[in-house]
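Asks: Got a structure for you, questions after.
The values are calculated or read from the model by the stated rules, or taken from the named source; none is laboratory data. Note that the coordinates shown come from a computational prediction; the quantities given were computed from them, not determined experimentally. Quick reminder, even Gly has a Cβ in these numbers, built from the backbone with ideal geometry, and neighbours come from all protein chains shown. Remember, those area values only see protein heavy atoms, side chains included, never the ligands or the DNA or RNA. Shrake-Rupley method; radii C 1.70, N 1.55, O 1.52, S 1.80 Å.
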Number of protein chains: 2
Amino acid sequence: MAEKSETGLPRAVMIAWGMEEAPQRGPSRGLSHERIVAAGIELADAEGLGAVTMQAVARSLGFTTMSLYRYVSSKDELLLLMQDAALRLPERARLPEGWREGLRAWAELVRDAYRSHPWVLGIPRGQSSVLMPNSMWAADLGLGVLADLELDMEAKVGTILVVSQLAASMVELEEDLAAEGLLATTAAGSALLGEVITPERFPHIAGLFATNARAGGEESGEDLPVIDGGTLGVDDEFGLGLSLIIDGLERRVARSRV
Amino acid sequence: MAEKSETGLPRAVMIAWGMEEAPQRGPSRGLSHERIVAAGIELADAEGLGAVTMQAVARSLGFTTMSLYRYVSSKDELLLLMQDAALRLPERARLPEGWREGLRAWAELVRDAYRSHPWVLGIPRGQSSVLMPNSMWAADLGLGVLADLELDMEAKVGTILVVSQLAASMVELEEDLAAEGLLATTAAGSALLGEVITPERFPHIAGLFATNARAGGEESGEDLPVIDGGTLGVDDEFGLGLSLIIDGLERRVARSRV
DNA sequence: ATACACGGTGTATGCCGTACGCTGTCTGCG
DNA sequence: CGCAGACAGCGTACGGCATACACCGTGTAT
């Protein structure tokens, strides 16, 4: 699917690693991959991924749409480059010593990266993503935290992967919920939901809705958001998931040490 | 962002719960939400999310494009409906008794749902997703597994959420990797990568590449895929993540019990 | 000096979602 | 019983998108 140059690597990977030999002949270039990618990121940060069109990127650089194609072979390729560039973790990150705190800090780092460029989550991360420089660096940083742990490499890689996926998922969820102020449901809507989410059909989850639905009569007047995802903030969900993983990891280490 | 009817609920939610009162006057309807959604799912299953266009869906039903808009107010709304419909878990799922095995089985159920309709992952799941019937049912089922656990509701909801996100992430990863046969990198490409992924710059991860890169000289002849994501299959990554979470959960319960 | 590789541009194509207005149909009200 | 009006399905049209292609001017390797 992703185009490969004759090197066997997707072109986006080549570009991101700076392995793209600059042409020798012809006029000097007025643009660069870096500038194009930066322009795309700026646009995405300001107005979302939907605002990133070839035309918009080119215009913001003062060039025509088609000029971009001298540097990037498709929009998808540009998006891949933007994705990697946006996920750059600090070069010299100071992480706490112990692996527990270290992993926690690393997770926070990854999460912050997603948080400051949430649109990244809207880009399908193909197989090439793993080969990109910043993705590589993030993985290396994470593995460094677990370096001294008595665990085989596979499990370490798996852990890093799971934690980073957790971070991504939570940021995505966070964005979704923020998009319209919580699960903004008015009292009227909540009452409607209460009619179908009955204890008979949903024995375990109905409770979460019933309490609030009952309170929202006609008199409350205001259109309060009634449901808020179980009153547990996304922040805490992230912390919980992370804690579970860390605890689980600790136990696994302890068991293997025997 | 998501349009709300005067009930305060997004229209997609209303439709999915069957709360959309059918019109009284006028000709009888030749279509239905169900048929449209089913047609969309069929298309997505067969040719991917990209093949789902209003025109294609309409054509597959023998109607014109614009007729769909009598049932669905936008393509996004249709995608939301497809997402929920595709994630239906079996109504009468028999899950193992113990919460550990039960949670594992539930996770497998969720994962299978994503697996049989991977395109669902390409649909941004907005805040309304949580209010959709099948999403609700999945959550209820999951909470049922944890019902007897001595844990506050918030933590249970959090667990369910984290596990389902894990399942989604792993299926997505799985799809990405399968898209082009592993991280299909030829020996030549791997050698190139070896030049930039040096032990100095990537002390912890370089090892994963070095071993293979060294082997791939000119003589090997074949263009073998050299890197495969750390030799750990996505299947195992999922199992690992799940184990970590379950172990972590067990510990949390034990600790709170004192 | 010159051939030609290459940068930037303008134009054109085809696909997309969807707004709008039309025609014909069915129903609840008078 | 009849009719106004709500509603189904359709055709047309528009604006936006990614991108193929032909063109011209530029600068370097020969």
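Asks: Scan region B:17-30 and give yes if some residue there is open to solvent by less than 20 Å² (accessible area, probe 1.4 Å) and either within 15 Å of DNA strand C (Cβ to nearest atom) or among the hydroxyl-bearing types (Ser, Thr, Tyr) (or both), otherwise no. Even if it seems obvious, please write down each step before you answer.
Replies: As a first pass, look at region B:17-30 and keep what is open to solvent by less than 20 Å² (accessible area, probe 1.4 Å): none.
No, region B:17-30 has no match at all.
Asks: Criterion first (out of contact with any helix residue (DSSP H, G or I) (no Cβ under 8 Å at 6 or more places or on another chain), more than 15 Å from DNA strand D (Cβ to nearest atom) and not assigned by TED's automatic domain parsing to the domain that holds residue B:118) does residue B:47 satisfy it? Before the answer, list the steps.
Replies: Working: out of contact with any helix residue (DSSP H, G or I) (no Cβ under 8 Å at 6 or more places or on another chain): yes; more than 15 Å from DNA strand D (Cβ to nearest atom): yes; not assigned by TED's automatic domain parsing to the domain that holds residue B:118: yes.
So residue B:47 passes the test.
Asks: Looking at residue A:72, is it away from DNA strand D (no atom under 15 Å from the Cβ) and of a type in the set (A, V, I, L, M)? I'd like the intermediate steps shown before the answer.
Replies: Details: away from DNA strand D (no atom under 15 Å from the Cβ): no; of a type in the set (A, V, I, L, M): yes.
In short, no.
Asks: Now for a separate question. Please go through region A:143-173 and give me each residue that is more than 17 Å from the chain's Cα centre (by Cα) and either in a loop (DSSP other than H, G, I, E, B) or more than 8 Å from every other protein chain (Cβ to nearest Cβ) (or both), ordered by number. Walk me through how you get there before you give the answer.
Replies: To start, the set of residues in region A:143-173 that are more than 17 Å from the chain's Cα centre (by Cα) comprises A:143-158.
Residues satisfying the conditions are A:145, A:146, A:147, A:148, A:149, A:150, A:151, A:152, A:156.
Asks: Sort out which residues of region B:190-242 are part of a loop (DSSP other than H, G, I, E, B), modelled with pLDDT of 50 or more and of a type in the set (Ser, Thr, Tyr), and write them in order of number.
Replies: Taking region B:190-242 as the starting set, the residues that turn out to be part of a loop (DSSP other than H, G, I, E, B) are B:197-205, B:216-233.
Filter once more, keeping what is modelled with pLDDT of 50 or more: B:197-205, B:231-233.
Matches in region B:190-242: B:198, B:231.
Asks: In addition: Which pairs have Cβ atoms under 9 Å, sit 6 or more apart or on different chains, and link a residue in region B:44-58 that is at positive phi to one that is modelled with pLDDT under 95 and open to solvent by 20 Å² or more (accessible area, probe 1.4 Å)?
Replies: B:48/B:122
Asks: Out of the residues in region A:35-61 that are within 13 Å of DNA strand C (Cβ to nearest atom) and either open to solvent by 50 Å² or more (accessible area, probe 1.4 Å) or not in a helix (DSSP H, G or I) (or both), state the one that is nearest to the other protein chains (Cβ to nearest Cβ). Before the answer, list the steps.
Replies: Here is the first cut: in region A:35-61, the residues within 13 Å of DNA strand C (Cβ to nearest atom) are A:35-36, A:50, A:53-55, A:57-61.
Of the ones still in play, those that are also either open to solvent by 50 Å² or more (accessible area, probe 1.4 Å) or not in a helix (DSSP H, G or I) (or both) are A:35, A:50, A:53, A:55, A:59-60.
Values: A:35: 22, A:50: 11, A:53: 18, A:55: 21, A:59: 26, A:60: 25 Å.
Per the stated criteria, the residue is A:50.
Asks: Moving on. Scanning for something within 13 Å of DNA strand C (Cβ to nearest atom), more than 27 Å from residue B:196 (Cα to Cα) and more than 19 Å from the chain's Cα centre (by Cα), does region A:67-82 turn up at least one residue? Full working, then the answer.
Replies: Here is the first cut: in region A:67-82, the ones within 13 Å of DNA strand C (Cβ to nearest atom) are A:67-73, A:75.
If we keep only those that are more than 27 Å from residue B:196 (Cα to Cα) too, we end up with A:67.
Right, trim to more than 19 Å from the chain's Cα centre (by Cα) and you get A:67.
Yes, that holds for at least one residue.
Asks: Quick check on my filter: what residues within region A:62-76 are open to solvent by less than 30 Å² (accessible area, probe 1.4 Å) and part of a helix (DSSP H, G or I)? Give the steps one after another, and end with the answer.
Replies: First pass over region A:62-76, keeping only residues open to solvent by less than 30 Å² (accessible area, probe 1.4 Å): A:67-68, A:71-72.
Residues satisfying the conditions are A:67, A:68.
Asks: Right, here's the next one. Might you let me know whether region A:100-122 holds any residue that is out of contact with any His (no Cβ under 7 Å at 6 or more places or on another chain), assigned to a loop (DSSP other than H, G, I, E, B) and either away from chain B (no Cβ under 13 Å) or surrounded by 18 or more Cβ atoms within 10 Å (Cβ to Cβ) (or both)? Break it down stepwise before answering.
Replies: As a first pass, look at region A:100-122 and keep what is out of contact with any His (no Cβ under 7 Å at 6 or more places or on another chain): A:100-122.
Of the ones still in play, those that are also assigned to a loop (DSSP other than H, G, I, E, B) are A:117.
Narrowing further to those that are either away from chain B (no Cβ under 13 Å) or surrounded by 18 or more Cβ atoms within 10 Å (Cβ to Cβ) (or both): A:117.
Yes, region A:100-122 has at least one match.
Asks: Given the criterion touching a residue at least 60 places away in the same chain (Cβ under 8 Å) and within 16 Å of DNA strand D (Cβ to nearest atom), identify the matching residue among A:61, A:80.
Replies: Working: A:61 fails: touching a residue at least 60 places away in the same chain (Cβ under 8 Å).
Going through A:61, A:80 in turn, the sole match is A:80.
Asks: Separate question: What is the number of the single condition among (1) more than 13 Å from chain B (Cβ to nearest Cβ); (2) open to solvent by 40 Å² or more (accessible area, probe 1.4 Å); (3) in contact with a Gly (Cβ under 6 Å, 6 or more places away or on another chain) that residue A:95 does not meet?
Replies: (1)
Asks: Right, here's the next one. Among the candidates A:158, A:144, single out the residue that is of a type outside the set (Lys, Arg) and surrounded by fewer than 21 Cβ atoms within 10 Å (Cβ to Cβ). Please lay out each step first, then the result.
Replies: Working: A:158 fails: surrounded by fewer than 21 Cβ atoms within 10 Å (Cβ to Cβ).
The conditions single out A:144.
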